[in-house]
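Mind looking over this structure? Questions follow.
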């Protein structure tokens, strides 16, 4: 394999997987701050887009978020929500996710700026969005 072939493979795999990388990085940032569980504060709530993204991230399937249970009264002497995770690591993980999103967007911008490959860029980018959604839909049918 020569360098030109490796660059071309890198170009197309990068454009194809960028939407999925951005999706998982964004849903990971939401999960670090437990935004996917915030709907549970309202009894009977189904969960919004963030909860659905989290289900795809965690379960690799289109599984509806669980309906929020009725609130149990807090126990005496116990802080609400239980033990808190390391706040500095939360911010580190969030920064990593945001950086991954930024690097993916920069890569897409660089790939877009190849005028001779503009049409194949859009075809590959659309395929990178449609194929994972189709795989999830097919998995939901079985």
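Of the conditions (1) within 30 Å of residue 141 (Cβ to Cβ); (2) at pLDDT below 80; (3) surrounded by 15 or more Cβ atoms within 10 Å (Cβ to Cβ), residue 69 satisfies every one except a single condition; which number is it?
Result: residue 69 passes all but (3).
Can you find even one residue in region 46-66 that is touching a helix residue (DSSP H, G or I) at 6+ places or on another chain (Cβ under 9 Å), modelled with pLDDT of 80 or more, assigned to a loop (DSSP other than H, G, I, E, B) and within 30 Å of residue 127 (Cα to Cα)?
No, every residue in region 46-66 fails to be touching a helix residue (DSSP H, G or I) at 6+ places or on another chain (Cβ under 9 Å), modelled with pLDDT of 80 or more, assigned to a loop (DSSP other than H, G, I, E, B) and within 30 Å of residue 127 (Cα to Cα).
Looking only at region 9-44, filter to residues that are in a helix (DSSP H, G or I) and exposed (fewer than 12 other Cβ atoms within 10 Å of the Cβ); which one of those is modelled with the lowest pLDDT?
Residue satisfying both the conditions and the ranking: 41.
Of the residues 92, 121, which is free of Cβ contacts under 8 Å to residues at least 40 places away in the same chain and assigned to a helix (DSSP H, G or I)?
Every option except 92 fails the conditions.
The values are calculated or read from the model by the stated rules, or taken from the named source; none is laboratory data. The structure displayed is predicted, hence computed values, not measured ones. Glycine also receives a Cβ, built like all others from the backbone with ideal geometry; neighbour counts cover every protein chain displayed.
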